[in-house]
Every structure is written in structure tokens, then in C-alpha cells.
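Single-structure report; data block below.
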Amino acid sequence: MEFSLSDEQSLLKDSVQRYIQNSYAFEDRQRLIGSEAGFSRDNWKNFAELGWLALPFSEEVGGFGGTAVETMILMEEFGKGLVVEPYLASVILAGSVIEKSESEVIRSNVLSAMMSGEKLAALAFVEPQARFNLSDVETSGKESADGFVLDGYKAVVIGGPSADYLVVPARTSGSRVDEDGITLFLVDSKADGVSLRNYPTIDGHQASELNLQKVTVEAANVIGEIGKGFPILEEAIEKGILAVGAEAVGAMEVLYKSTVEYCKTREQFGQPIGKFQVLQHRMVDMFMEHEQSKSLLYMAAIKMSSGDESERKKSISALKVQVGKSGRFVGQNAIQLHGGMGMTDELNIGHYFKRLTAIETLFGNVDHHLKKYSNVA
């Protein structure tokens, strides 16, 4: 498969690379994750000024009409820099759902504020009993005189602590695991009955546990048709998988290149350890795992824009499986070849591995997506 970037895509890649190299040093990143917000509002404002927050949205809502390929380019560079700003949570996940709203008020107020960097959002889709089944929803949405009343619990809401808005899938009809009957609601994170317990994740990001107790939501804040929200949610998760797949590919590239450079300088028995044939084989294996993941990433990005639903789903699951297996292999070997120092917080190697470990589980692990791949017609 031949794949090459257009001139505009190359410019995007170069601009993100320069920003990461000049403004996102590892030391700066460590300082950010220790701050109260867990990321930089100044960086977020810069993202908006550079057009990155509007990149994946259609031109009709004020975005730049970027495709899956542009998202892939951006997230791969973010992976190289271990970016902790909630781009995945706010723009890719929540943003792609909010864009589906037919309400001009939501589009003009909420979405435009998100693209300008003034507001952030998060998608609260995980429930403890569901594991990786998106249609397993217990959170209820009952009709009332004022619209709907939400009750339920959501776990691991990525980007929840900084979110001004929460996109909440709730069941308005059907049984617990039915795809039909799921409705998507836009909820103000400061609304009465909304309770967030915030915490840092192992990979340096921020998440929340969300409790909803008799939360009133106006009918105008329903996204899409009532009871028909599952396809919108599923599409958002597919975009999320492509995004974290690209991020993982970027992280793996840094890991294998850093390991090769280290093995050229670290001496043992009077010579660099990179001259030992068994370690050379190990580094070649790391390179191959990265390249295989990158190839599947390109394929998935292309299939996302195709009209073949079956091929799109298979390519997304194949990418998630490969990234999960390769991320573990590259990360473990990078730490092993760096020796004891690979385990320290002072070295970036372990932090890349932590992010790859989190990505392996996010949106479904290897076993889950192997099963999904085999079940796609």
C-alpha cells in the first residue's frame, strides 16, 4: 500500500513537530502533571490558535474539515511528546459526539467555545459492569415535565476533572445491553446532582468517577434521536481508537530510537552493548513491531473514510490488537535494555511505557478486539 502525505498534511506534521520540540520538553511535561489542573491552559490556548482544536470538525460547524489522516498525524506527534492536554477526551471523543447535535444552540455555543479553547468536554461512556461492551448501559434517562432525569454512575471519565460539559449515554428504553434505547445527553458538569471524584491516572492524565443523582436535562440537550445514540457513540470510540493508535505509534518510535542510541553509548566488557548480537536482534524486533503498527495505522486511517463499514470496523480492531501487543513488547524491551535506570521516574522511558500500557486497555484490550475482528462479517 502506497501512502504519502499531501503538502498541507506535511505542513501540519512539521508544525506539530516543531511545537513539541520547542515547547514540550519532558521536564515541562512532568511539571504539568504535578500541577492542580494536570495540564497547561496556555498550551491549550496555543492549540486553539494553531487551529488544532478545530481540525477534525466539519467546515459547516466552523472547523477545518480534517479527515482521519490529519487526526493521525497530530496524535502521532502528540505521542512522541507524551502530551497530557485532554485533546483525546475533549476534541476527539466528546467533540465528535457533540458535532452530531442538530441543535444550533449547541453547535454555536458549545462547539464553537470548544474550538476556541474556552470550554472543554468529556465523554462519560464507561460503566463498571460493562467492561468493554458499549451497549451495556445501566444509567437511566427518564422523561419528565422538564425533559429528562438522569440517574447512574460512570467510571474512568477521561478528562473529567477539567470538563465544562459531559456527554452522557443513558438508557431511555430497552434492556441493559440493547443497542437500541441508548440516548446521548449533554450535561453541564456543574449541574445539580452531578458529582465528580477526580484522580490522576498512571500515565499522567486525569480522570473522574461520575455520579448522577436526579440530574435534570432539557430535551434540547439530547444529541441525535432519542434511543438512537449507539451508532454515534460507536463512531466516536472508533475515532478514539485511531487517535490512541497513532499516539502509541509515536511513543513506540521514541522508545526504540532512544534505546538504539543508548545501546551505542552504554559500555559493558569494554565495548558498547549495541555490538552484542543478541541485543541487536532485540532492537530489530522493536523496530519491526513499530513498523507493523504504523502500517496498520495507515490502513485504518484510510478505511475510516471509506464507505465500507465492515472493512472500517475490522481495520480499527486490527490496529488496536497490533498496538496492544507491540506497545507491550517495545515498552518492556526498552526498559530492559536501559537496565535499572529504565525504571526510574527521572527517565522518560518508563513514562512512555505507562502510556502504552494505558492505551492497551483503553477502548478494549487485545482479547476484546480479536473477538470483535473475528465476528465482523
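The values are calculated or read from the model by the stated rules, or taken from the named source; none is laboratory data. All of these numbers come straight from a predicted model, not from anything done at the bench. Note that each Cβ is placed from the backbone with ideal geometry, even for glycine, and that neighbours are counted across all protein chains shown.
Is there a residue being hydroxyl-bearing (S, T, Y) and under 24 Å from I158 (Cβ atoms) anywhere in region 337-344? Looking through region 337-344, none of the residues is hydroxyl-bearing (S, T, Y) and under 24 Å from I158 (Cβ atoms). Name the residue, out of V84, V61, that is among the β-branched types (V, I, T) and either in contact with a strand residue (DSSP E or B) (Cβ under 6 Å, 6 or more places away or on another chain) or more than 26 Å from L255 (Cα to Cα) (or both). Result of the check over V84, V61: V61.
Filtering region 338-364 to residues that are among the charged types (D, E, K, R), in a loop (DSSP other than H, G, I, E, B) and touching a helix residue (DSSP H, G or I) at 6+ places or on another chain (Cβ under 8 Å) leaves only D345. Could we say that R312 is farther than 19 Å from G331 by Cβ, outside the structural domain of F132 (by TED's automatic domain parsing) and at pLDDT 90 or above here? Yes. Looking only at residues in region 36-82 that are surrounded by 14 or more Cβ atoms within 10 Å (Cβ to Cβ) and of a type in the set (S, T, Y), the one that is farthest from the chain's Cα centre (by Cα) is S40.
Residue check: V215 meets all listed conditions (1) assigned to a helix (DSSP H, G or I); (2) over 24 Å from the mean Cα position of the chain (by Cα) but one, namely (1). As for region 253-260, it holds no residue that is among the small types (G, A, S), in contact with a helix residue (DSSP H, G or I) (Cβ under 7 Å, 6 or more places away or on another chain) and in a loop (DSSP other than H, G, I, E, B). Of the residues making up region 171-200, those that are hydroxyl-bearing (S, T, Y) and surrounded by fewer than 16 Cβ atoms within 10 Å (Cβ to Cβ) are S173, S175, S195, Y199.
Restricting region 301-321 to residues that are of a type in the set (V, I, T) and either more than 14 Å from G245 (Cα to Cα) or in contact (Cβ under 8 Å) with a residue 60 or more places away in the chain (or both) leaves a set whose member that is surrounded by the most Cβ atoms within 10 Å (Cβ to Cβ) is I316.
In region 274-297, which residue that is of a type in the set (G, A, S) and surrounded by fewer than 20 Cβ atoms within 10 Å (Cβ to Cβ) is nearest to the chain's Cα centre (by Cα)? Checking each candidate, the answer is S295.
The single condition from (1) in contact with a strand residue (DSSP E or B) (Cβ under 8 Å, 6 or more places away or on another chain); (2) surrounded by fewer than 16 Cβ atoms within 10 Å (Cβ to Cβ) that Q271 fails is (1).
So, in region 365-376, how many residues would count as being in a loop (DSSP other than H, G, I, E, B) and either hydroxyl-bearing (S, T, Y) or under 15 Å from R328 (Cβ atoms) (or both)? Count: 1. Tell me whether region 363-376 contains one or more residues that are assigned by TED's automatic domain parsing to the domain that holds V254, exposed (fewer than 14 other Cβ atoms within 10 Å of the Cβ) and under 21 Å from E76 (Cβ atoms). Looking for residues that are assigned by TED's automatic domain parsing to the domain that holds V254, exposed (fewer than 14 other Cβ atoms within 10 Å of the Cβ) and under 21 Å from E76 (Cβ atoms), one finds none in region 363-376, hence no.
Looking only at residues in region 93-138 that are assigned to a helix (DSSP H, G or I) and touching a Ser or Thr at 6+ places or on another chain (Cβ under 7 Å), which one is surrounded by the fewest Cβ atoms within 10 Å (Cβ to Cβ)? Checking each candidate, the answer is R107.
Of all positions in region 143-155, at least one carries a residue that is within 29 Å of A37 (Cβ to Cβ), modelled with pLDDT of 95 or more and basic (K, R). Assuming F64 fulfils every condition listed in (1) in contact (Cβ under 8 Å) with a residue 40 or more places away in the chain; (2) touching a Leu at 6+ places or on another chain (Cβ under 6 Å); (3) not in a helix (DSSP H, G or I) apart from one, which condition is it? Against the list (1) in contact (Cβ under 8 Å) with a residue 40 or more places away in the chain; (2) touching a Leu at 6+ places or on another chain (Cβ under 6 Å); (3) not in a helix (DSSP H, G or I), F64 comes up short only on (1).
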